[in-house]
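J.: Pasting in a structure now, in structure tokens, and then I'll have a few things to ask.
The values are calculated or read from the model by the stated rules, or taken from the named source; none is laboratory data. Note that the structure is a prediction, hence the values are computed from the model and not measured. Reconstructed Cβ throughout: ideal geometry from the backbone, glycine too, with neighbour counts over all protein chains shown. Heads up: the accessible areas ignore ligands, DNA and RNA and are worked out on the full protein's heavy atoms, side chains in. Shrake-Rupley method; radii C 1.70, N 1.55, O 1.52, S 1.80 Å.
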Amino acid sequence: MRKKIFLIILNCLAYLFAFIYVLPIVWTIFSSFKDESDLFSWPPRLITEPTLINFVKALRRTQFGLFFRNSLTVSLSATAITIIISVMGGYALAKYQFRFKGAISTFILSMLMIPLQVIMVPIYLVLSKLNMINSIWGLIIPPAATPTGIFLAQKYIISAIPDSVIESARIDGANEYVIFWKIVLPLCQPLIAALAVLSFTWRWNDFLWPMIVVGSPKLYTIQLALGLYAGEHIVQWGPLLAMTVLSMTPVLIVFIALQKYFVKGITTGAIK
């Protein structure tokens, strides 16, 4: 009886926290279809007569298409690089035996505790020497190699891919490149989906790094554009909310499309 009561309380708390988390998102979506005068009406109303005027203003008065394209280019490119580097690094640490393997694994794990702000200045100095400041590659390459991705890949491959599969392929005469591209990579589809969702979300929502690297408005990402748009003397909340809703759409699409594999990839790597 006590166990049932405890589970009921936990479920109620979970629904409560989920409601608190989702409410601002729902309010933002509905408010983006409101007229400017209805945004500050009292008492506040969630549903009013819908209008698309905020979206029209956002698209006409800003270079939203350019910002959207920049964010999409950066997010997709960085995600692809992150997946390749993470799976390769995780596979090497999971299945190969070499000197200092334990030290390298510990070093990668310790990198998870170092915030970006600590290494931001050295990375900026390196990019300035490579003439990558105020360039699209300065946004794509530095965040692409993440210790989180390598750590997840290592744990997933240890749990999901038996050594016998790889040894059988070697006995059949397959070289290491064939084993990785034809065997390991297809078996890592849940892992790849999880990394894709995480990396795409991180890169799409990143604000601090683009603000440091980019100076030209032609290279602004959508989050940087939103931050600067909200920082003007007069904030037009209607178009800003419309831009916010449009900026949330790609992340929601990616997560909904890959959620089944995302959950499987995360849980498989945590089992063993």
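J.: Under a Cβ-only charge scheme (Lys and Arg +1, Asp and Glu -1), can you give me the dipole magnitude of the chain about the Cα centre, in debye to the nearest 20?
T.: In debye, rounded to 20, the chain gives about 520.
J.: If you line up the Cα atoms of the chain on their principal axes, what length do they span on each, largest first, in Å?
T.: That gives 72, 67, 33 Å along the principal axes, largest extent first.
J.: Using just the helices of the chain, give the 222 nm mean residue ellipticity in deg cm²/dmol: DSSP H runs with n ≥ 4 each add -39,500 (n - 2.57), and the total is spread over all residues, rounded to 500.
T.: Value at 222 nm, helices only: -23000 deg cm²/dmol.
J.: Specify the angular offset, from 0 to 90 degrees and rounded to the nearest 10, of the alpha carbon long axis of helix 237-269 from the longest principal axis of the alpha carbons in the chain.
T.: 20 degrees
J.: If each of Leu130 and Thr201 carries a label point 7 Å out from its Cα toward its Cβ, how far apart are those two points in nm?
T.: Between Leu130 and Thr201, the simple spin-label model gives 2.7 nm.
J.: Would you mind getting the accessible area per residue of the range 94-145, heavy atoms of the protein chains only, 1.4 Å probe, in Å²?
T.: It amounts to 69 Å² per residue over the range 94-145.
J.: Shifting gears a bit: Would you please put 63-72, 142-151 in order of how densely packed they are, using the mean number of other Cβ atoms within 10 angstrom per residue and starting with the highest?
T.: 142-151, 63-72
J.: Sticking with this one: Please give the helix 101-111 orientation as an angle from the longest Cα principal axis of the chain, in degrees from 0 to 90, rounded to the nearest 10.
T.: Long axis of 101-111 versus the principal axis of the chain: about 10 degrees.
J.: With r defined as the distance between the Cβ atoms of Ile119 and Phe6 and R0 fixed at 45 Å, what FRET efficiency is calculated, to the nearest 0.05?
T.: For R0 = 45 Å, the calculated efficiency reads 0.55.
J.: Please report the net charge: other residues with Cβ closer than 13 Å to the Cβ of Ala78, K and R +1, D and E -1.
T.: Charge balance in the 13 Å sphere: 0.
J.: Also, quick follow-up: Quick one: of Lys101/Lys182; Lys3/Lys155; Lys34/Lys260; Lys3/Lys260, which pairs are farther than 28 Å apart, Cα to Cα?
T.: With Cα atoms farther than 28 Å apart: Lys3/Lys155; Lys34/Lys260; Lys3/Lys260.
J.: Using alpha-carbon pairs under 8 Å, 6+ residues apart, how would you state the relative contact order of the range 82-171 in percent? Could you put the intermediate results ahead of the total?
T.: Numbers: 54 pairs, mean separation 52.4, N = 90.
Relative contact order, the range 82-171: 58 percent.
J.: While we're looking at this one, here's another question. Round to the nearest 10 and give me the degree value, 0 to 90, for the angle of helix 147-160's Cα axis relative to the longest principal axis of the chain.
T.: It works out to around 50 degrees.
J.: Starting from 0.36 nm per residue, how many nanometres of slack lie between Ser105 and Trp27 once their C-alpha separation is accounted for?
T.: Taking Ser105 through Trp27 to full extension adds about 23.7 nm, to one decimal.
J.: Give me the dipole magnitude in Debye, nearest 20, for the range 16-151 about the Cα centre, with unit charges on the beta carbon: positive for Lys and Arg, negative for Asp and Glu.
T.: Using Cβ point charges on Lys, Arg, Asp and Glu, the range 16-151 gives about 520 debye.
J.: Express the accessible area of the range 147-215 per residue in Å², computed with a 1.4 Å probe while the remaining protein chains stay in the model.
T.: Result: 46 Å² per residue.
J.: Which FRET efficiency value, to the nearest 0.05, is calculated for Tyr177 and Leu66 with the Förster distance at 41 angstrom and r the Cβ-Cβ distance?
T.: Working from the Cβ atoms, E equals 0.55.
J.: Roughly to the nearest percent, how much of the accessible area of the chain is carbon and sulfur, given a 1.4 Å probe? Show your work: numbers first, answer last.
T.: Values: 11660 of 16510 Å².
Accessible surface attributable to carbon and sulfur in the chain totals 71 percent.
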